[in-house]
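Participant: So that we are looking at the same thing, I have put the structure below in structure tokens.
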Amino acid sequence: MTPAARYDLPDVDAFTRPYWQAAAEGRLLLRRCAACGRAHHYPREFCPHCWSEDVTWERATGRATLYTWSVVHRNDLPPFGTRVPYIAAVVDLAEGPRMMTRIVNVPEGDLRIGMELEAGFQDEGDVTVPVFGPRSHG
């Protein structure tokens with residue numbers, strides 16, 4: 001019997017493989033444009049700001065602030081139904097780009113726009129994905 005398709009995981013291809021390998025090692029990568037100097041996320045082979053193809057991988061600090069979130073209490077699509085409730089969010093990375101993610105280890109009532117977060121990484125079996133939790137100030 002063929003295992004069910006995992007619609008919750010990204011397709012890892014030759015271009016995005018460095019991103020996913022870094023995540024498995026506990027590092028968050030961005031792409032930065034040499035032409036205009038701006039960072040972007042999600043990884044693309046060109047700069048979405050100036051269209052230059054002179055972009056390279058760069059390690060991000062992993063620091064972010066919470067831009068917005070939604071607590072998902074119902075999701076009928078497998079395998080999400082077994083994960084509810086979860087917090088879907090958009091964060092502003094310290095380097096500038098916004099990133100869609102999940103918030104972990106923060107009670108729903110403690111969430112605040114602008115709260116300081118840091119990247120963590122969650123093993124999903126076939127791939128490790130970045131998630132964000134409270135920033136440690138140590």
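The values are calculated or read from the model by the stated rules, or taken from the named source; none is laboratory data. This is a predicted model, so every value here is computed, not measured. For neighbour counting, all protein chains shown are included, and Cβ atoms are generated from backbone atoms with ideal geometry for every residue, glycine included. For accessibility, only protein heavy atoms count, side chains too; no ligands or nucleic acids. Shrake-Rupley method; radii C 1.70, N 1.55, O 1.52, S 1.80 Å.
Participant: Given segment 13-87, what whole percent of its Cα pairs are spread farther than 21 Å?
Facilitator: 49
Participant: Could you please state how large a percent of the accessible area of the chain is carbon and sulfur, counting protein chains only and using a 1.4 Å probe?
Facilitator: It is 51 percent, rounded to a whole number.
Participant: Under 1.5 on a/c is rounded, so check that first for segment 78-138, then, if it is not, pick prolate when a/b is larger than b/c and oblate when it is not; a ≥ b ≥ c are the square roots of the alpha carbon gyration tensor eigenvalues.
Facilitator: prolate
Participant: A follow-up question, please. Work out how much length MET100 to LEU77 would gain on full extension: take 0.36 nm times their residue separation and subtract the Cα-Cα distance, in nm to one decimal.
Facilitator: Length gained between MET100 and LEU77: 6.4 nm.
Participant: Let me ask something else about it. Please compute, for the alpha-carbon atoms of segment 47-95, the extent along each of the three principal axes and give them in descending order in Å.
Facilitator: In descending order, the Cα extents are 41, 22, 18 Å.
Participant: When only DSSP loop residues count, what chymotrypsin sites (Phe, Trp or Tyr not before Pro) in segment 32-67 have their Cβ near at most 15 other Cβ atoms within 10 Å?
Facilitator: PHE46, TRP51
Participant: Would you tally the net charge around HIS40, using a Cβ to Cβ cut-off of less than 12 Å, leaving HIS40 out, and scoring K and R as +1, D and E as -1?
Facilitator: +2
Participant: Mind checking which of ARG31, ARG63, ARG74 has the largest fluctuation in a GNM of the chain, springs on alpha carbons under 10 Å?
Facilitator: Highest fluctuation of the listed residues: ARG74.
Participant: On to the next question. With a probe of 1.4 Å, find how much accessible area segment 86-128 has per residue, and write the answer as a whole number in Å².
Facilitator: Value returned for segment 86-128: 53 Å² of accessible area per residue.
Participant: I've got another one for you. For a paramagnetic label modelled at 7 Å from the Cα of GLU124 toward its Cβ, which residues of segment 57-88 fall within the zone defined by backbone nitrogen distances under 19 Å?
Facilitator: Counting backbone N atoms under 19 Å from the label point, the list is 69-88.
Participant: On the principal axes of its Cα set, how long, how wide and how thick is the chain? Give whole Å, largest value first.
Facilitator: 45, 44, 27
Participant: Once amide H atoms are placed 1.01 Å from N in the peptide plane, what residues at a sequence separation of 5 or more from VAL104, or on another chain, have their amide H within under 5 Å of its amide H?
Facilitator: Hits under the 5 Å cutoff: PHE132, GLY133.
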